[in-house]
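The values are calculated or read from the model by the stated rules, or taken from the named source; none is laboratory data. All values reported here derive from a predicted model rather than from experimental measurement. For neighbour counting, all protein chains shown are included, and Cβ atoms are generated from backbone atoms with ideal geometry for every residue, glycine included. The area values use the complete protein model at the heavy-atom level, side chains included, leaving out ligands, DNA and RNA. Shrake-Rupley method; radii C 1.70, N 1.55, O 1.52, S 1.80 Å.
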Amino acid sequence: MPKVTVDGQEIEVPAGATVLQACELAGKEIPRFCYHERLSIAGNCRMCLVEVKPGPPKPQASCALPAADGQEIRTDSAMVKKAREGVMEFLLINHPLDCPICDQGGECDLQDQAVAYGRGGSRYHENKRAVTEKYMGPLIKTIMTRCIHCTRCVRFSEEIAGVDEIGALYRGEDMQITTYLEQAASHELSANVIDLCPVGALTSRPYAFEARPWELKKTLSIDVSDAVGANITLHSKGREVLRALPRINDDVNEEWLSDKGRYQVDGLTKRRLDRVWVRRDGKLQPADWAQAFGMIAGALEGDTASIAAVAGDLLDAETMFAAKALVNACGSQLTEARQTGMTYDVSNLAAVNFNSTFAGIETADAILIVGSNVRWEAALLNVRLRKAVKAGAKVYIIGAEWDPTYPATFLGSDLKLLNHIPKELGDVMKSAQRPAVIFGAAALAKGALPAALKLVDKFGLVKDDWNGFNVLHISAARMASLMLGFTLPGGMGDVAAANPKVLLSLGADEMDYAPYARSLKVYIGHHGDKGAHHADIILPGASYAEKDGTYVNAEGRVQFAEKAVFAPGDAREDWTILRALADALGVTVGFDSFGELQAKMIAAVPALGEEGLAHYGALPTAGSDAKAEGDIAGYPVKDFYLTNPIARASAVMQQCSDELLHGADIKEAAE
């Protein structure tokens, strides 16, 4: 490891480190605009200049200079100070002084570094350059006159997202950053360029002119739009969540966030259920809590055991535990969370977990994807798979074709391929050091899980420090529901066969309500979506932003989300509704506060009390007679932007769906 001296302090740095990284290890702050830890080095903003000896008697860009043994680096000399002032002066030559109306104001790298490293005044008196605005879609607002050509957005699109949509035109003073033919950026991670932009050139279109950063309350939360469990911060003002931004967590989402997880939050205030409704004479009419609870108790007619609960995809573990406690206290075992009707075996959770972990899948050298459009079902996992491919991994896919953004071989859509593995695939998987299988929801629905487990021995998926068998769920609530035992052997079929007098639908908007025509359907949820339309009684609940809760992602990682705002109107947190319903039904559930509920849940499932990966033990032994059948002609996610009731209520997500997926022309007001 080379030894370098930074401002008189000698330190050891890792081999291959740059001078900028060496300075940061020494605790020195180096200004930069183009350099980013997760992107390739461009070296074009020149803000990170330092003085290095031995070397030419001039400042050098530290981001692109390798650290070498014996270097003497100065970050605070007069030469460095003057050079940085000069660079900042050039950067500001054409930059408009519109901080008062710029959405980046208050969280702008250029603002901060101009104060810290710039001169006190400008010597430029020529006309400033102006650049025509570019259209980058419904999510990204552009004011390209502010652009300083750091190319972070270009490198993100090419390297991380794998979609070559943003690039540079022309040269010198005429250079402009734009999308191809000024079309909308249409991939699932496009809005991450807003976070990357160090100036106000790319800002959030839906959030424009809403608030300043110092006005917002910041709450740590978890994204529930998919099963990745991305770490986010909800920024709220008053009782409204104005935006969601990603938090850095290298094990889960690094520092990225899908467009749906970022922008569905505007749906939190639209189409909300904020009062109790009951159906009378075929029409929903306003009511109060006592009337609704009375109708539920009356429907059971003393037979409290004839009650069932179905959990939706956005639920927290505490709500499901409270619902299970209520149903069990009534004498029923009818609880199910796989609302779309899947019936796979859940006796061993290791068999339905993403065992490689999201960070670990980057190290796989051969990957078979079965029945999953990873790009739509877990956009941030697709970023990890791109890294694996860059490192040399080969990817094979069984299922309908989709664009994975990296080289992949489609083997066909027939699941019988799992029974008779093609020779090319078998040879590659068996010779791999870290082979992996990703088994998706479309294949789970076909009942192919037992056949997939046979691949564990066939491909050698489990080694001393490696477990390459992975199931990718698409529901944020799925792993928590399995840990809580919120499932039946026959799935939704068992619930329908029992013909319960009362069906509690806990935000279950994707299920088929036809088999429950004779049941009293009670919808406990937060949006007027499909579940509410079928309901006989609506009890307004709280969304993920309006309650504390525990979530478990597809890799079995237990994470906690905090309450950001209060639910609107008469809406209540779900567990309080279930607790009050228990009193109305005359049963005891054993908790009176959220703390008691959580403690009781952790006592029942200790793994839910520890943030981090839960351990599910070894994989089960596969049956020798297991066969896979069926054809994967499509995937469960038909529209990336409209997969849950919050997203479907969001005007931004609706516009993205119309414009980016279905090619609708968005009319201007004058048209």
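Data for the structure
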item	result
Contacts under 8 angstrom Cβ, first residue in the stretch 66-91 being closer than 14 Å to Gln113 by Cβ, partner aromatic (Phe, Trp, Tyr) and open to solvent by less than 20 Å² (accessible area, probe 1.4 Å), 6 or more apart	Leu91/Phe33
Unique residue being in a strand (DSSP E or B) and touching a helix residue (DSSP H, G or I) at 6+ places or on another chain (Cβ under 7 Å) when the list is Ile474, Ile524	Ile524
Boolean, Arg279 is open to solvent by 30 Å² or more (accessible area, probe 1.4 Å) and either touching an Asp or Glu at 6+ places or on another chain (Cβ under 9 Å) or of a type outside the set (A, V, I, L, M, F, W, C) (or both)	yes
Matching residues in the stretch 579-603 - criterion: being touching a residue at least 12 places away in the same chain (Cβ under 8 Å), open to solvent by less than 50 Å² (accessible area, probe 1.4 Å) and not in a helix (DSSP H, G or I)	Val587, Val589, Gly590, Phe591
Answer from Pro606, Pro568, Pro620 - the residue that is free of Cβ contacts under 8 Å to residues at least 12 places away in the same chain and more than 28 Å from Ala299 (Cα to Cα)	Pro606
Of all residues making up the stretch 627-657, the number that are within 16 Å of Lys270 (Cβ to Cβ) and either open to solvent by less than 50 Å² (accessible area, probe 1.4 Å) or not small (Gly, Ala, Ser) (or both)	15
Within the stretch 239-276, considering residues that are open to solvent by 70 Å² or more (accessible area, probe 1.4 Å) and not acidic (Asp, Glu), the one nearest to the chain's Cα centre (by Cα)	Ile248
Arg46, sole failed condition from (1) in a loop (DSSP other than H, G, I, E, B); (2) modelled with pLDDT of 90 or more; (3) surrounded by fewer than 19 Cβ atoms within 10 Å (Cβ to Cβ); (4) among the basic types (Lys, Arg)	(3)
Every pair of residues 6+ apart whose Cβ atoms lie under 8 Å, when the first sits in the stretch 649-671 and is in a loop (DSSP other than H, G, I, E, B) while the second is open to solvent by 50 Å² or more (accessible area, probe 1.4 Å) and modelled with pLDDT of 85 or more	Ser650/Lys270; Ala664/Asp658; Ile666/Gln655; Ile666/Asp658
Qualifying residue in the stretch 91-108 (condition: at pLDDT 90 or above, open to solvent by less than 20 Å² (accessible area, probe 1.4 Å), in a loop (DSSP other than H, G, I, E, B) and farther than 30 Å from Arg243 by Cα)	no
Total residues in the stretch 185-211, condition open to solvent by 10 Å² or more (accessible area, probe 1.4 Å), hydroxyl-bearing (Ser, Thr, Tyr) and touching a helix residue (DSSP H, G or I) at 6+ places or on another chain (Cβ under 8 Å)	2
Residue check, Val4 under 30 Å from Thr145 (Cα atoms), modelled with pLDDT of 90 or more and not in a helix (DSSP H, G or I)	no
Residues (out of contact with any strand residue (DSSP E or B) (no Cβ under 9 Å at 6 or more places or on another chain), more than 28 Å from Ala651 (Cβ to Cβ) and either assigned to a loop (DSSP other than H, G, I, E, B) or open to solvent by less than 20 Å² (accessible area, probe 1.4 Å) (or both)) located in the stretch 123-149	Arg123, Tyr124, His125, Glu126, Asn127, Lys128, Arg129, Ala130, Ile148
Selected residue [closer than 10 Å to Cys63 by Cβ, open to solvent by 10 Å² or more (accessible area, probe 1.4 Å) and either touching an Asp or Glu at 6+ places or on another chain (Cβ under 7 Å) or part of a loop (DSSP other than H, G, I, E, B) (or both)] from Arg32, Arg38	Arg32
Complete set of residues in the stretch 574-592 that are small (Gly, Ala, Ser) and over 24 Å from Leu482 (Cα atoms)	Ala580, Ala584, Gly586
Residue list for the stretch 410-433, restricted to those being among the β-branched types (Val, Ile, Thr) and within 21 Å of Ala448 (Cα to Cα)	Ile421
Strands (runs of 3 or more DSSP E) wholly inside the stretch 173-251 containing at least 1 residues that are farther than 23 Å from Asn644 by Cβ and in contact (Cβ under 8 Å) with a residue 40 or more places away in the chain	176-179, 202-204, 217-222
Complete set of residues in the stretch 313-338 that are open to solvent by less than 10 Å² (accessible area, probe 1.4 Å), of a type outside the set (Gly, Ala, Ser) and more than 18 Å from Gln559 (Cα to Cα)	Leu326, Val327, Cys330, Thr335, Glu336, Arg338
Checking Gly617 against (1) of a type outside the set (Phe, Trp, Tyr); (2) modelled with pLDDT under 90; (3) not in a loop (DSSP other than H, G, I, E, B), the condition it does not meet	(3)
